[in-house]
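What follows is one structure encoded as structure tokens, with my remarks underneath.
The values are calculated or read from the model by the stated rules, or taken from the named source; none is laboratory data. It should be emphasised that the depicted structure is a prediction, and the values quoted were computed from it without experimental measurement. Cβ coordinates were reconstructed from backbone atoms using ideal geometry, including for glycine residues, and neighbour counts include every protein chain displayed. Areas reflect the complete protein model, heavy atoms only, side chains present, ligands, DNA and RNA absent. Shrake-Rupley method; radii C 1.70, N 1.55, O 1.52, S 1.80 Å.
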Amino acid sequence: MTHDGTFEIPHFVWAESTRPRSEVSKLSGILAAELGANIELSKQGGFLHDIGKAMDHNQDGTHAGLGAEYCKRYGVNPIVVNAIAAHHHEIDQDTVEAVIAEAADAISGARPGARREDLEAYIKRIRSLEEMSMSFDGVQQAFAIQAGREVRILVRPDQIDDLSSARLARDIAKKIEETMQYPGQIRVTVIRETRATEYAK
């Protein structure tokens with residue numbers, strides 16, 4: 001177990017979350033000092049804001065929600081929990097410390113070279129989702145959207161009927177579960193469009 005002085009979380013979760021988070025924590029402390037906010041809670045919020053990315057990939061939900069729920073369970077200060085849950089505006093930011101965590105994360109991520117590994121992993125996951133979806137018969141196009149949290153698949157209406165569309169969505173979701181690792185969940189949407197055209201002369 002690894003300690004931050006007030007609570008403990010499993011080492012494997014902690015280790016996967018520390019590399020870019022310490023910078024966000026330092027930036028949060030600097031911003032808090034300038035604004036007269038609670039420095040210690042701001043630093044904790046910055047350090048833990050993305051801890052949900054290291055959660056069990058079989059859990060449903062976003063990394064912000066998963067991380068907040070996990071830290072709440074381990075007795076983290078509610079101000080820090082809100083900073084974690086709200087740093088992508090999924091819920092309201094109740095305190096200035098939550099705003100600071102979001103701002104520090106944005107500053108850290110905007111620095112040239114700061115998130116190169118994250119960007120490469122993101123691009124790889126997007127391509128893998130699209131290529132995997134395209135490997136199924138009857139698929140015309142596939143687009144990974146929402147930062148890879150959803151994949152939309154356009155099928156050929158002459159090859160895939162409505163019943164097959166539902167089956168295809170289930171099959172693609174199952175293949176994603178079996179072959180990929182990802183935080184939270186990925187929505188699979190199959191779109192079958194039929195157009196009828198007539199001309200009035």
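Some notes on this structure:
- FRET E, pair Ser128, Asp162, Förster distance 41 Å, beta-carbon r, rounded to 0.05: 0.90
- As a rough guide to protection, the peptides 27-37, 61-71, 127-137 ranked by mean Cβ packing within 10 Å, highest first, stand as 61-71, 27-37, 127-137.
- Simple spin-label estimate for Glu40 and Glu193 in nanometres, 7 Å along Cα-Cβ: 5.7
- Inter-part distance where the range 96-110 and the range 122-201 are each reduced to a Cα centre, Å: 34
- Ser22-Ser135 FRET efficiency (beta carbon distance; Förster radius 45 Å; 0.05 resolution): 0.65
- Percent accessible area from carbon and sulfur atoms, the range 117-201, protein chains only, probe 1.4 Å: 45
- All-pairs Cα distance distribution in the range 61-201, expressed in whole percent, bin size 5 Å: 2, 9, 14, 14, 13, 13, 11, 9, 7, 4, 2, 1, 1, 0, 0
- Antiparallel DSSP beta bridges within the range 131-196, percent to nearest 5: 50
- In sequence order, calculated HN-Hα J values of the range 186-201 (Karplus, 6.51, -1.76, 1.60; Hz; x Gly/Pro): 10, 7, 10, 10, 9, 10, 10, 10, 10, 10, 10, 10, 10, 10, 8, 10
- Across the range 159-174, coupling constants 3J(HN,Hα) worked out from phi with the 6.51/-1.76/1.60 Karplus curve, θ = phi - 60°, read 10, 10, 8, 4, 5, 5, 4, 5, 5, 5, 4, 5, 5, 5, 4, 5 Hz, and Gly and Pro carry x.
- The range 36-101 pair-distance distribution - Cα-Cα, 10 Å bins, rounded %: 26, 57, 16, 1
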